[in-house]
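Data first, discussion second: the structure below is written as C-alpha cells.
The values are calculated or read from the model by the stated rules, or taken from the named source; none is laboratory data. Please read these numbers as outputs of a predicted model, since none were measured by experiment. Note that we place each Cβ from the backbone using ideal geometry, even for glycine, and neighbour counts take in every protein chain shown. With ligands, DNA and RNA removed, areas are computed over all heavy atoms of the protein, side chains included. Shrake-Rupley method; radii C 1.70, N 1.55, O 1.52, S 1.80 Å.
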Amino acid sequence: MTELDDKIDAVAKAAQAARGKAYAPYSDFPMGAAVLTADGVTIPGALVENVSLGLAMCAERVALFTAVTQVRHPVILALCSKRTNDELTFPCGACLQVALEIGGTELIVVATDPDGAIDHSTVAELLTRAPKRHSPSAAPK
Ligand code: ZN
C-alpha cells in the first residue's frame, strides 16, 4: 500500500467510527464522515437529523464545516453509510458542492460501507461542471 492508500484507509475507518455517533431516528440511515486535513488532523462528522426534516445536516458537511472553524484545509473526505442501490454511497450533490468550495477540485472523496468496502474519487471527477469559486485563494484556509 502507498502512503496515500494508508491515509485513505485511516480516514475511512474514522468515518466508520463517526457513523456510530449519527443521530438518524427518521431515516434510519446513519452516516459518518471524516476529513483529513493538510496538516494531518482527522476531523469527524455525523449525520444529525431533526423532526423538522429540512434541518438535517449531512455528516460530510459537519466535518467540512468543522475544518473551516479550525482553519484547516481538507485533503481527503470520507463517508461511511449503508449502500444505496447496492453501490457504495458517495456524498450528495450539496455536500460535493461544499467540498468543492472548501477543498477544491482535487479533494479526494472516499466512500466506504460498514463492512469496510472502499472506493475513492475526486471532487473533479464527481462534480464535473459545478460552479466554482472565483479564486482558490479566497477559500477558507
Ligand atoms: Zn450530503
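Points to keep in mind about this one:
- Filter result for residue 114 (surrounded by fewer than 16 Cβ atoms within 10 Å (Cβ to Cβ), within 28 Å of residue 25 (Cβ to Cβ) and in contact with a helix residue (DSSP H, G or I) (Cβ under 7 Å, 6 or more places away or on another chain)): yes
- Qualifying residue in the range 4-26 (condition: closer than 27 Å to residue 131 by Cα, in a loop (DSSP other than H, G, I, E, B) and at pLDDT 95 or above): no
- Verdict on residue 68 being assigned to a strand (DSSP E or B), in contact with a helix residue (DSSP H, G or I) (Cβ under 9 Å, 6 or more places away or on another chain) and in contact (Cβ under 8 Å) with a residue 60 or more places away in the chain: no
- For the range 10-30, a tally of residues being closer than 18 Å to residue 108 by Cα and buried (at least 17 other Cβ atoms within 10 Å of the Cβ) returns 6.
- Candidates 88, 47 - the one that is away from the ligand (no atom under 14 Å from the Cβ), open to solvent by less than 60 Å² (accessible area, probe 1.4 Å) and aliphatic (A, V, I, L, M): 88
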